[in-house]
Every structure is written in C-alpha cells, then in structure tokens.
1. Any idea which of Asn134, Leu64, Ser151 is furthest toward the positive side of the dipole for the chain, if Lys and Arg beta-carbons carry +1 and Asp and Glu beta-carbons -1?
2. Could you work out what % of the accessible surface of the range 106-154 is carbon and sulfur, using a 1.4 angstrom probe and leaving DNA, RNA and ligands out of the count?
3. With a 10 Å radius around each residue's Cβ, average the other Cβ atoms per peptide and rank 78-88, 104-114, 25-35, highest first.
4. Residues in the range 134-177, backbone N under 13 Å from the label point at Glu204 (7 Å along the Cα-to-beta-carbon vector): list them, ranges by number please.
5. What residues have an amide H closer than 5 Å to that of Thr193, excluding those fewer than 5 places away on the same chain, when H is modeled at 1.01 Å from N in the peptide plane?
6. What number results when the radius of gyration of the range 60-189, computed over Cα atoms, is divided by 2.2 N^0.38 Å?
7. Give the label of the value calculated from the structure for P(r) over Cα pairs in 10 Å bins from 0, in percent, choosing from (1) 7, 29, 35, 19, 7, 2, 1, 0; (2) 7, 28, 32, 18, 9, 5, 1, 0; (3) 8, 35, 38, 15, 4, 1, 0.
8. Please sort 67-76, 152-161 by packing, taking for each peptide the average over its residues of neighbouring beta carbons within 10 angstrom, highest first.
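The values are calculated or read from the model by the stated rules, or taken from the named source; none is laboratory data. If you're wondering where the values come from, they're calculated on a predicted model, not measured in any experiment. Cβ placement follows ideal geometry from the backbone for every residue including glycine, while neighbour counts extend to all protein chains displayed. Accessible surface areas use protein heavy atoms only, side chains included; no ligands, DNA or RNA. Shrake-Rupley method; radii C 1.70, N 1.55, O 1.52, S 1.80 Å.
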Amino acid sequence: MADRGADPSLRYHNKVVIVTGGTKGIGEAIVRAFVKNGASVVFCSKDPPEQIIDDTSAQEFQNLLSLNLIGYFLTAKYALPHLRKTQGNIINVSSLVGIIGQKHAIPYVATKGAVTAMTKAMAIDESQYSVRVNSISPGNIWTPLWKELSSHAANPDVMILGGKDAQLLGRMGTAEECAKAVLYLAAEATFCTGIDLLLTGGAELNYGNKNQQKTQNSIYN
C-alpha cells in the first residue's frame with residue numbers, strides 16, 4: 001500500500017488493496033469505494049455455507065474454520081512482508097454475532113469471534129513494524145444474502161421487519177456504509193490499531209428477546 005504521489009482529491013490514491021469476498025454485498029461495496037478513491041483493487045470470493053450444529057460434521061466445521069479464519073490468517077501472512085515495508089494496514093471483516101452470539105449458528109459465530117481475537121493479537125505483533133490491524137463487525141446489513149434468505153421465508157415482509165427492528169435506528173445498514181467505515185480505517189484512522197468497529201445501528205444495546213423456552217403451561221399454573 002505504498003503511496004506513489006497522493007492526489008488530495010482521492011483518499012487512497014495509487015495504493016493497492018486486496019479484498020477477499022469482493023464480488024457482492026459488503027465486499028463489492030468495499031471494492032467500489034476504494035476504486036472510487038484511487039486505489040488499484042484485487043478481489044476474489046467464495047461463499048460460506050449455511051450450517052446448523054445438528055447437521056454439521058467436524059469436517060464441515062473445519063471447512064468453515066478454514067474459510068472464515070485460516071483464509072484471513074494466510075492472506076495476512078503472505079501480505080505482511082510487503083505491508084511491513086510500506087507501513088500498510090489490514091482490515092478484517094468479523095461480525096456482531098462473534099460478540100453477542102446467534103441462534104443456530106455455533107460454527108459461524110465461533111469463526112467470527114476468532115477473527116476478532118486474531119485481529120487484536122496480530123495488531124500487537126505488527127505494531128513494531130507500524131502495520132495497523134483492525135476489524136469491522138457488521139450487524140444486520142441489507143445485502144443480496146439477506147434478500148435471498150428473506151425470499152424463502154414464510155412471510156418475507158415479517159422477516160425483513162424483524163431485521164430492521166433489531167436496531168435502535170430502526171433500519172438495516174447498507175453495504176455502502178460498511179465500505180465507508182473500511183475506507184475510514186484505512187485512510188484516516190491512522191492512530192487506530194487493534195480495534196473492532198461495530199457497524200450495528202445499536203443492535204447490541206438494550207434488552208432483546210431472550211426467552212426461547214416453549215411451554216404449554218403458564219408460570220402461574
């Protein structure tokens with residue numbers, strides 16, 4: 001990410017960015033934001049599988065771990081020799097569920113929690129080279145995946161409304177808002193390392209619906 005003559009009108013002029021998962025949703029928006037701001041962007045993509053613990057084998061869990069965590073680790077490992085020379089930075093995409101958990105998503109939650117933890121550990125090790133390492137943790141973001149999942153729901157409108165109501169702001173975030181946050185961490189947040197930026201609309205605040213027990217009897221019976 002060496003700067004080869006900055007253009008003051010562009011926030012990431014003449015720098016190189018690698019985006020994993022860059023063909024749709026948040027990743028695509030990140031690609032567009034950095035290209036718009038003068039960067040040369042390389043991107044790739046692989047969709048993670050949907051997994052419920054009852055139907056997930058140890059090998060399938062391992063596959064998701066390889067995709068969501070080891071893939072990030074290896075990307076950083078092979079990029080760091082260059083980033084150390086240029087004082088570049090790494091931004092990992094974690095998830096709010098890695099902090100607060102999520103129903104029927106133990107493998108996914110575990111891998112995203114590990115991404116957040118790895119980010120902090122890597123920030124410590126790489127600080128000696130002035131390489132910053134941060135992460136973002138999106139909550140409910142309106143993406144093609146959200147649209148697809150809701151289209152298969154018994155009542156898509158109800159599912160989408162529930163997704164919106166989970167935030168204090170009463171709406172889902174956008175992929176473009178996530179991209180702006182990533183650009184900020186890369187271009188302006190030069191005194192930030194080891195942080196996990198929550199992009200959640202306040203979804204983690206206040207009390208949520210916690211009672212998942214289903215019973216035929218009233219507490220008063």
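1. Value computed over the given set: Asn134.
2. C and S fraction of accessible area: 61 percent.
3. Averaged packing, sorted descending, gives the order 25-35, 104-114, 78-88.
4. What the label zone holds, given the 13 Å backbone N cut-off, is 135-140.
5. Correct list: empty.
6. So the Cα radius of gyration is 1.19 times the expected 2.2 N^0.38 Å.
7. (1)
8. 67-76, 152-161
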